[in-house]
Amino acid sequence: MNSTLTITRREFRSNFDSPIAYVVIALSLLFVGWLFFSQFWTINRATVGPLFYYLPWAFVFPIIPAVTMRLFAEEKRTGTIELLITMPVRDRDVVLGKFLATLALIAVLLVLSLTFPYTISRIGNLDWGPVWVGYVGLLLEASAAISIGLFFSSLTENQIVAFFLTLCSLFALWAVGFLSSDTNGVLGNIISFVSFERRLSPFSRGLFDFRNAIYFLSVTAFFLLATTRSLESRKWK
Amino acid sequence: MATDVMIHTKDLTKRYDNFVAVDRISFDVHRGEVVGFLGPNGAGKSTTMRILTCFISATDGVAKVSGFDCFDEPLEVRRVLGYLPQRAPLYPEMTVHEYLDFCADLRQLPSGDSRKKAVRRVVEVCGLNSFYQKEIRSLSHGQRQRVGLGQALLHDPPVMILDEPTADLDPNEKREFLTYLRDIGSSRTVIISTHNISEVEFACSRTLIIANREGKGGRVVADGPVESIRAQGGTVRYQVGVGAGESGKLPGARELRNALAELKGADSVTEIGSADDKSVKVQIVGAKDADLRAELRRAVSDKSWELLELRRELPPLEDVFRELTLAEDRRDRLAAAE
């Protein structure tokens, strides 16, 4: 566990050594804030519903692909992966360390975004209960999305390729939800089952549903495992 | 496995689809040996090192470090290893201090005086003091290489595997590092891969040469102390220095060369520089199983010159290396043609 935390600390810090994290977080918050408040004045009600609509979109493009693309791709390109792997650490410690560092970065972003509901609460009468549930949902969704980004970053040395693979996958998992209302039968059920949008929607309404939480956690576990296997595959190639 | 065998490989093989990178390599390295790992590019040196450091797995065969199996006990192997890959693995955004601290954390060196001491030792040995607080991105190639070396030495490992560690060092840094390596080598086990044969002659007590056959992987073609490998070559060198003698006239280099080239068994005669204007020097290459010294003496006295110097010596390691690795290629090409 010590090794995992050592890697987490280094990885978290390295986010702030390049302008990418600052730029992506700042621009995303500005853009989401602009959309959120322009809707807020139209709705004229103390609700943060639009925030839970726009932030997941910002996760899909560009936040999660941008912050996960370099995680393994950069280490492979520069050769530092050989340092990590030949230290007395397990492959899964490396994967978990990078995952936790990125989740912490997204948590920072979510904490910063709390300024929106805080502003609303100063203007109107905001019920904070559903807001906290919505934030838990966002963190769960982010965790699943990060694990997918981590997986694609482990497949390639090219950050741009990792970015687009993650972007396309997350877009598909998010946008597929909009098809489910027009699709019936087995296909409709499958779409509802996998859709991030469908799974997050109850959280954004303040409903904590364990099934949805378990879904996001399962996706996270699956892709973390897949990333570990992908990393181990260097041994057999 | 005997207790002082620190690295053991037996029939180590690595295959990639249709390509064999390493072909049944077997060798043991004992405590107190500094082994120079030589071979042409693509012979499988880095692949062998990567198997020993558990970065990749062998397709077949056994690899053990300090008694631990590289496949079954990778964490134990990595704990006793210090490894510097071909490309120094550095994080450019970190300072040297932060980087060594990060490596010490990963190695789980206990914090406190012992860690400070370990870092101080590495800073001194690798000469990191003048740029210890600088970001790695601002360092020169040589400085980066020294930082990479620093991380490999940080935990004072009993076994070190260094893949071209001196590639980016200047001649003074190289000599300092090799001297250090030779000094610590008496109590440790070191494998050092390099293309610089003089480094092997200077620092290594033993040399392991691998070469690849066409379309097949690298295999061991020579293994032993430098002197015994030099003896494996098929030729010897004669250094001949001649003065004017009774003739009263110092022969020209060409004249001397022509006179000695007529000798049976002298494969080639080359002029070499003389330290003064009172002698002329040539080097003759002959077959190892013949001794030309008596004929050389006679040929010089026949011309009434004076023999000032005559030495018969083994060929330099570089020539034997070329002979062994080229011979492998040629042998296979001939076999394929048949």
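Derivation of every value follows stated rules applied to the coordinates shown; laboratory data play no part. Computed from a predicted structure; not experimentally measured. Glycine also receives a Cβ, built like all others from the backbone with ideal geometry; neighbour counts cover every protein chain displayed.
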query = Taking 1 over the mean of 1/r across every pair of different Cα atoms in the stretch A:2-235, what Kirkwood radius in Å do you get?
reply = 18.5
message = Given R₀ = 56 Å, what would the calculated FRET efficiency be for A:LEU5 paired with A:ASP182, taking r from the Cβ atoms and rounding to 0.05?
response = 0.75
task = Please give the FRET efficiency for A:LEU225 paired with B:VAL285, using the beta carbon to beta carbon distance and R0 = 60 Å, rounded to the nearest 0.05.
result = 0.45
ask   = What does the convex hull of the Cα atoms come to per residue for the stretch B:155-247, in Å³?
value = 202
task = Tell me what chain A gives for mean residue ellipticity at 222 nm when only DSSP H runs of n ≥ 4 count, each as -39,500 (n - 2.57), the sum divided by the residue total, rounded to 500 deg cm²/dmol.
result = -26000 deg cm²/dmol
remark   = Sorted by chain and number, the residues with a modelled amide H under 5 Å from that of B:ALA222, at a separation of 5 or more or across chains, are B:ILE209
Among A:THR119, A:THR166, A:THR220, residue whose mean-square fluctuation peaks in a GNM of chain A (springs only between Cα atoms under 10 Å) = A:THR119
request  = Using a cut-off of under 19 Å, list every residue of the stretch B:70-102 whose amide N is near the label point 7 Å from the Cα of B:ALA167 along the Cα-to-beta-carbon line.
outcome  = B:82-92
note = Pseudo-spin-label distance A:TYR118 to B:ASP69, built 7 Å along Cα→Cβ, given in nm, is 5.7
inquiry  = If I fit a long axis through the Cα atoms of helix B:293-302 and take the longest principal axis of the Cα atoms of chain B, what angle between them do I get, 0 to 90°, rounded to 10?
reply    = 40
query = When chain A is treated as a GNM, springs tying every alpha-carbon pair under 10 Å, which of A:SER143, A:SER169, A:SER153 comes out with the largest mean-square fluctuation?
reply = A:SER169
remark   = GNM of chain B, Cα pairs under 10 angstrom: of B:THR166, B:THR325, B:THR95, the biggest fluctuation goes to B:THR95
query = So how far apart, in nm, are the two label points at B:ASN41 and A:LEU27 if each is 7 Å from Cα heading toward Cβ?
reply = 4.0
remark   = For chain B, Rg(Cα) over 2.2 N^0.38 Å is 1.23
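Stick to the Cα atoms of the stretch B:212-319, pair each with every other, and give me the Kirkwood hydrodynamic radius in Å at one decimal.
15.3
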Extent along principal axes [Cα atoms of the stretch A:12-77; Å; largest to smallest] = 50, 18, 14
ask   = What is the distance, in nm, between label points placed 7 Å from the Cα along the Cα-to-Cβ direction at A:ASN125 and at B:ALA244?
value = 12.2
ask   = For the stretch B:77-97 and the stretch B:195-212, what is the separation of their C-alpha centers, rounded to whole Å?
value = 23
ask   = So for the protein assembly as shown, what are the equivalent ellipsoid semi-axes in whole Å, largest first, each being the square root of 5 times an eigenvalue of the Cα gyration tensor?
value = 66, 25, 21
task = Collect residues whose amide H, placed 1.01 Å from N in the peptide plane, falls under 5 Å from the amide H of B:LYS288; neighbours closer than 5 in sequence don't count.
result = B:THR235, B:VAL236
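Okay, helix-only estimate at 222 nm for chain B: each DSSP H run of n ≥ 4 adds -39500 (n - 2.57), divide by all residues, round to 500 deg cm²/dmol; what do you get? Working shown, then result.
Numbers: 11 runs with 118 residues, N = 338.
Result for chain B, helices only: -10500 deg cm²/dmol.
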